[in-house]
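Worksheet: the structure to be examined is printed underneath.
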Amino acid sequence: MIQVKHLRFAYPGGVEVLIDVSFGVGKGESCAVIGPSGCGKTTLLYLIAGLLPLQEGNIRVNGAAITRGNIPMILQDYGLFPWKTVWENVAMGLILKHIPRREIEERITPILDELGLAPFVAFYPSQLSGGQRQRVAIARVLAMNPSLILMDEPFSSLDAMTREHLQRLLAQIWIRHQITFIIVTHSIEEATFLGKKIIVLSRRPARIQAIVDNPRAGDPAYRSSNAFFETSSRLRDTLFSISQDPTP
Ligand SMILES: Nc1ncnc2c1ncn2[C@@H]1O[C@H](COP(=O)(O)OP(=O)(O)OP(=O)(O)O)[C@@H](O)[C@H]1O
Ligand SMILES: [Mg+2]
């Protein structure tokens, strides 16, 4: 589904961010990206979304070159319109495409149900908790029926319980709808729970430090298993070895 090959990127002014980053993500697969703060995770996501211009290397999504704005992205701050209700926020993309209201209703009602948002359709974002807002952001993207979703630390501002709940919900959605996900996270446990493939980036300029296959990702029983603990420990060791690395 996604092929990233020999990506190299520097911001104007010479800040080198990515060096020779290559990886692939299969259709319906979830991929977690983890690495030290400032190493280039968000930059990598923006490149895949076509929001930053490619410099060296290439990215193909479904065999085609990326086009700007085609791939939905979910950010930490939800990006909701405060003056629109939950229903209007979720329906927004479809309204802009001039889809008839009845069809919009048919498409988004099951999504609102699945995400537990049905009781809140008439609420405004300011009347919702952080977890509810993040669910609205997810619903809005799902309404567009995407095959690929990019997420940049979507749950980092939420409390531990809400975060775990949303991780489960996301895993269910990804399995049920066969959507490909790339999720950037700071959390080792989040990467272990959500990433069938976990990409560990080194410090900036980021290279691929490790790619960990994690076949049980998304299985609710995995979180309390020894295998989960072992994968998380391995990730922690890898990340710790990076942060001890004396190179700048
Ligand atoms: N627009 C920009 N212009 C110049 N440098 C930038 C720009 N955006 C980011 N950088 C630099 O590029 C590097 C990577 O930034 P990026 O936001 O991709 O890191 P990150 O891994 O997402 O960090 P964090 O984990 O803190 O979110 C940082 O050193 C940052 O200072
Ligand atoms: Mg970032």
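Which residue fluctuates most in the GNM of the chain (Cα springs below 10 Å): A91, A49, A160? Largest GNM mean-square fluctuation: A160. Sorted on the mean count of surrounding Cβ atoms within 10 Å across their residues, most packed first, peptides 200-207, 212-219 read 200-207, 212-219. For the chain, the spherically averaged projection of the C-alpha convex hull amounts to 13.9 nm².
Between the Cα long axis of helix 101-114 and the first principal axis of the chain there is an angle of about 60°, rounded to the nearest 10.
In plain terms, the chain from N226 to D77 could stretch by 50.3 nm, reckoned as 0.36 nm per residue minus the Cα-Cα distance. Estimated from the Cβ-Cβ distance and a Förster radius of 25 angstrom, the FRET efficiency linking S241 and S156 is about 0.60. Springs join every pair of Cα atoms under 10 Å in this Gaussian network model of the chain, and among I198, I71, I138 the largest mean-square fluctuation is at I71.
Of all lysines in the structure, the ones whose alpha carbon falls short of 29 Å from that of K97, not counting any fewer than 8 places away in one chain, are K27, K84.
Once R0 is set to 35 Å, what does the formula 1/(1 + (r/R0)^6) return for the Cβ-Cβ distance between M144 and D219, expressed as a FRET efficiency to the nearest 0.05? Efficiency computed from Cβ-Cβ geometry: 0.80. Annotation: extensible slack from D113 through N62 equals 15.3 nm (criterion: 0.36 nm per residue apart, minus Cα-Cα distance).
Show me 122-130, 78-86 ranked by packing, highest mean number of other Cβ atoms within 10 Å first.
On the way: 122-130: 14.2, 78-86: 15.8.
In descending order of packing, they fall as 78-86, 122-130.
Taking a sphere under 13 Å around the Cβ of P100 and counting the other residues whose Cβ falls inside, with K and R at +1 and D and E at -1, yields a net charge of +1. Taking trypsin sites (Lys or Arg not before Pro) across segment 105-136, none is in a DSSP loop with at most 13 further Cβ atoms lying within 10 angstrom of its Cβ. What separates the Cα centres of segment 184-248 and segment 17-47 is a distance of 13 Å. Summary value for segment 1-92: 29 percent relative contact order, contacts being C-alpha pairs under 8 angstrom separated by 6+ residues.
Just so you know, all these numbers are worked out from the coordinates, no wet-lab data involved. If you're wondering where the values come from, they're calculated on a predicted model, not measured in any experiment. Note that we place each Cβ from the backbone using ideal geometry, even for glycine, and neighbour counts take in every protein chain shown.
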